[in-house]
1. I'm trying to understand the selection: among the residues of region 254-309, which are among the charged types (D, E, K, R) and more than 17 Å from the chain's Cα centre (by Cα)?
2. Is it fair to say T251 is at pLDDT 95 or above, in contact with a strand residue (DSSP E or B) (Cβ under 6 Å, 6 or more places away or on another chain) and either in the same structural domain as A90 (by TED's automatic domain parsing) or part of a helix (DSSP H, G or I) (or both)?
3. Only one residue in P100, P89 is over 21 Å from G294 (Cβ atoms), outside any loop (DSSP other than H, G, I, E, B) and at pLDDT 95 or above. Which one?
4. Keeping to region 258-277, report how many residues are of a type outside the set (V, I, T) and either closer than 25 Å to G297 by Cα or modelled with pLDDT under 95 (or both).
5. Residues that are in contact (Cβ under 8 Å) with a residue 60 or more places away in the chain and crowded, with 18+ Cβ neighbours inside 10 Å: which strands (runs of 3 or more DSSP E) entirely in region 191-234 hold 1 or more of them?
6. Anything in region 56-80 that is assigned to a helix (DSSP H, G or I) and of a type in the set (K, R)? List them, or say none.
7. Given L301, L283, which one is assigned by TED's automatic domain parsing to the domain that holds R122, over 16 Å from F68 (Cβ atoms) and modelled with pLDDT of 95 or more?
Amino acid sequence: MKPCLALLLGALWLSPVPGRAADAASLSYEPQPVQVPRGARFVTADGAVSVIGYNDMEQMLDTLGSRFTALHPGLRFALTLKGTRTAPPALARGESAFAPMGAEFSPTELADYRAATGGEPRMFRIAHCSLDPAALSGPLAIIVHRDNPLTSLTLAEVADIFSGRGSRGLHLCGLAPETALGLFMRQCTMANGDFGEGFKGFPQSRDVVKAVAADPQAIGFTAAMRAMPGVKILALAPGPGVPPVALTDETIRSGRYPLDRFLLIYVRQPIEPLVREYLSFILSREGQEVIARGTLGYLPLNAAELATERVKLD
């Protein structure tokens, strides 16, 4: 199931989960013996397991790796985390044990992966994105000028506005269509349709926020943690007859905010036993507690999300 579709369904039936403590206490990690596979391209010359990917996951993966290797003596990770887009080609070439990412594979990256491997990667959600300005990945927010009387929209209204079908005289802006957030917006609200005439795309969320703050008639989409006092984040209703949901840590954790995003790990199939064991740790109570204690505000998964991701390990 696509992440945004899962979010929309979750928004309709998941109950709130308060706080940032990890859920599912019964899912404690029980270490199973694993070995570094001999001859794997992701094993370095000195025997470490190479991981290439997203720079904003460095703190998280460093702590998770330390906890995991303490339970599996002899294992070591070598992290090369320079950006999300370094991960897909490294995974396709077999040079990274898994691909930590702050966004989904783009269509081009997925096509390149299929061409290189003849197969499909498998995606795991490991944490919710952050509302902390220090983080690089946040949920998507729909913003208007602070003086705009709008306070909420349905996702259908968002789609109508940004497609140009019902722009209400608003000036449309957001991240450029080919960026990760541009792709996410189109997929999750517009059925991959195009933005309406006059849409202005920017390379960075900060640029979108500045444009909306300067124009009382503007509406934009941006990474939520880049908002500032000159703009207002709208509450969003995921479906007809559903109350609008404000953007908070609690509504993210509960699965009710409909434009949430996740930190991800992609893996090759079939899943290598060492990688499967590592993911079992991340998706356990102990692994999610590591995520909850991070300083960048990334939020652990709730119980339903953990159950969904753990099924993928089978």
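1. Correct list: R268, E272, R276, E277, R285, E286, E289, R293.
2. So T251 passes the test.
3. Going through P100, P89 in turn, just one is over 21 Å from G294 (Cβ atoms), outside any loop (DSSP other than H, G, I, E, B) and at pLDDT 95 or above: P89.
4. Of the residues in that region, 8 qualify.
5. 218-223, 231-233
6. R67
7. Of L301, L283, the one residue that is assigned by TED's automatic domain parsing to the domain that holds R122, over 16 Å from F68 (Cβ atoms) and modelled with pLDDT of 95 or more is L301.
Table: residues versus (1) under 24 Å from A92 (Cα atoms); (2) in contact with a Leu (Cβ under 8 Å, 6 or more places away or on another chain); (3) hydrophobic (A, V, I, L, M, F, W, C); (4) in contact (Cβ under 8 Å) with a residue 40 or more places away in the chain.
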| position | (1), (2), (3), (4) |
| --- | --- |
| L263 | yes, no, yes, yes |
| Y266 | yes, yes, no, yes |
| Q269 | yes, no, no, yes |
| V275 | yes, no, yes, yes |
| L279 | yes, yes, yes, yes |
| S284 | no, yes, no, yes |
| E289 | no, no, no, yes |
| A292 | no, yes, yes, yes |
| L301 | no, yes, yes, yes |
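The values are calculated or read from the model by the stated rules, or taken from the named source; none is laboratory data. Just so you know, these numbers come straight off a predicted model, no measurement behind them. Counting neighbours? That spans all protein chains shown, and the Cβs are built from the backbone with ideal geometry, glycine included.
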